[in-house]
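To start, the structure under review is shown below, and the notes come after it.
What follows draws every value from the coordinates through simple rules; no lab data is involved. This one's a predicted model, so the numbers in the text were calculated from it and none came from an experiment. All Cβ positions, even for glycine, are placed from backbone atoms using ideal geometry, and neighbour counts span all protein chains on display.
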Amino acid sequence: MHRINETHAPELRSWVGSANVKGCDFPIQNLPFAVFRRCGSSEPFRGGVAIGDQVFDMRAVQASGAIQGEAAPAVAHAAASTLNGLMAMGPRAWSALRLAISRLLREEVPQDERLTDCLVPLSEVEYAVPARIGDYTDMYTSVHHATNVGRLFRPDNPLMPNFKWLPVGYHGRASSVGVSEQRFHRPRGQAMPAGAQQPVFGPCQRLDYELELGIWVGTGNALGEPIGIDEAERHIFGLCLLNDWSARDIQAWEYQPLGPFLSKSFATTISPWIVTMEALAPYRCAWTRDDQDPQPLPYLESQANRERGGFDIAIEAWIETSGMRERNAGPARLSSSNFRHAYWSIAQMLAHHTVGGCNLQPGDLIGTGTQSGPTPQEGGALIELTSGGRQALTLEGGETRTFLQDGDAVALRAWCEREGAIRIGFGECRGEVLPARD
Ligand code: CA
């Protein structure tokens with residue numbers, strides 16, 4: 001687990017003035033990675049680091065020769081069109097690169113040594129999915145979400161008996177993972193209406209979002225060699241936001257016995273920026289398990305995990321309907337919660353994922369599952385906030401929603417703040433629903 005070091009010092013300021021504005025997502029203490037190019041250009045995509053309202057272009061930084069020594073091989077990988085090479089290098093290289101970038105961006109760098117030519121305004125860039133995702137897994141680690149949704153799907157048996165013993169997950173589709181600003185057509189599929197004798201086929205009627213974090217695997221493991229819980233975080237490059245769009249009517253009909261299939265595979269949207277595990281070090285918290293609940297089996301148990309396995313990350317979901325856009329009204333907040341409520345930690349998810357010998361590879365993506373909090377207002381999906389579509393939400397401006405309509409956009413946001421540390425943010429994960437294809 002990463003320690004607090006000079007890159008986290010709250011007094012650090014950058015010569016990029018916008019990074020010093022209170023409440024900014026990307027102060028010099030954050031330094032998240034994305035893959036970008038100038039909007040609409042034919043430039044190659046390459047790695048970049050967010051600083052204030054600018055991107056620090058890793059290809060330009062590498063070309064400048066300003067990064068030498070231990071971090072030099074890392075900046076070469078960060079300049080590539082995907083971050084898989086950087087992810088494969090491991091925490092020592094990631095840390096060396098972070099330190100080098102932090103030092104290049106500090107306020108005390110003399111005027112004539114500042115790499116101003118390596119900056120591109122955030123407002124002028126577009127993003128790519130930051131790595132070639134070999135495999136995408138989605139977990140199910142919020143006991144509140146599992147209970148709320150389970151109650152709707154199975155009123156007599158909301159929480160399956162395995163939930164408190166293992167981090168439940170399923171293998172999702174990597175091919176339909178898209179970066180923020182993804183627009184996708186409402187899926188069509190089979191659903192079984194209540195009381196009907198046979199299913200109907202057509203556009204999804206109960207389209208939902210899911211408020212999740214994405215975990216980017218850094219270094220992988222060899223097939224057959226599990227990752228122990230205390231080594232797990234050394235294999236994680238960082239976290240992003242993730243929206244696991246879900247077709248609830250299709251899901252309800254298809255999910256037994258093998259779990260979600262087409263109800264989840266049509267689109268998954270991620271935020272472009274990956275906040276590294278090192279940047280998150282100041283915001284760690286204890287991971288706890290209620291005494292009344294089953295305690296983890298040995299391969300999921302660790303003192304370090306108990307002490308620092310959790311992360312205090314505030315998360316929010318917002319909706320912007322086409323009506324709001326027409327009225328020039330801002331988006332409306334749907335819910336807010338916190339990742340510290342997760343029933344299983346990141347280290348436990350990774351240890352469980354590999355315990356049978358499954359190999360993870362650099363650039364694999366693991367969704368945390370919808371992160372709902374303990375109160376009804378903290379539901380991480382519309383199915384929870386509307387009690388399965390029975391109680392419509394009234395949005396600012398008077399519109400109502402049970403599930404998503406065509407033209408709706410959903411934006412996820414997240415940030416960390418703690419006394420004695422500078423607030424860091426994740427940027428935005430936004431996606432928009434287009435009408436179903438004919
Ligand atoms: Ca999910």
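With the charge dipole of region 306-435 set up from +1 on Lys and Arg Cβ and -1 on Asp and Glu Cβ about the Cα centre, the Cα lying farthest toward the positive end among the listed residues Gln391, Ser322, Ser345 is that of Ser345. Between the alpha-carbon centres of region 166-225 and region 320-358 there is a gap of 13 Å. Build a GNM of the chain with springs between Cα atoms under 10 Å apart, and of Ala347, Ala93, Ala34 the one that fluctuates most is Ala93.
Computed from backbone phi, the HN-Hα couplings of region 115-120 come to 7, 5, 6, 8, 9, 10 Hz, rounded to whole numbers (Karplus: 6.51 cos²θ - 1.76 cosθ + 1.60, θ = phi - 60°; Gly and Pro given as x).
The share of C-alpha pairs in region 352-438 whose separation exceeds 17 Å stands at 70 percent. In terms of overall dimensions, the C-alpha atoms belonging to region 1-130 reach 39, 31, 28 Å along their principal axes, ordered largest to smallest.
Taking the helices alone, the chain has a mean residue ellipticity at 222 nm of -4500 deg cm²/dmol, built from -39,500 (n - 2.57) per DSSP H run of at least 4 residues and averaged over all its residues. Shown for Val120, Val200, Val179: other C-beta atoms within 10 Å of each C-beta, ranked fewest to most, produce the order Val200, Val120, Val179. Between Val355, Val143, Val129, the GNM of the chain built on Cα springs shorter than 10 angstrom shows Val355 fluctuating the most.
Among Trp253, Trp15, Trp318, which one moves the most in a GNM of the chain with springs linking Cα atoms closer than 10 Å? Result: Trp253 has the largest fluctuation of those listed.
Both radii are taken from the alpha-carbon atoms of region 226-297; with Rh as the Kirkwood radius, Rg/Rh is 1.08. Helix 91-105 sits at what angle to the longest principal axis of the chain, using alpha carbons and giving 0 to 90 degrees rounded to 10? Its long axis makes an angle of about 60 degrees.
Rg ratio for region 186-240: its Cα radius of gyration over 2.2 N^0.38 Å, N being its residue count, equals 2.01. State the dimensionless ratio Rg/Rh of the chain (Rg: radius of gyration of Cα atoms; Rh: Kirkwood radius). Using Cα coordinates only, the ratio equals 0.97. Expressed in Å, the radius of gyration and Dmax of the Cα atoms of region 39-193 are 21.8, 69.
Listed from fewest to most Cβ neighbours within 10 Å, the set Met139, Met192 follows the order Met192, Met139.
Neighbour counts of other Cβ atoms within 10 Å put Leu434, Leu31 in the fewest-to-most order Leu434, Leu31.
If both residues of a DSSP beta bridge must be in the chain, then about 85% of such bridges are antiparallel.
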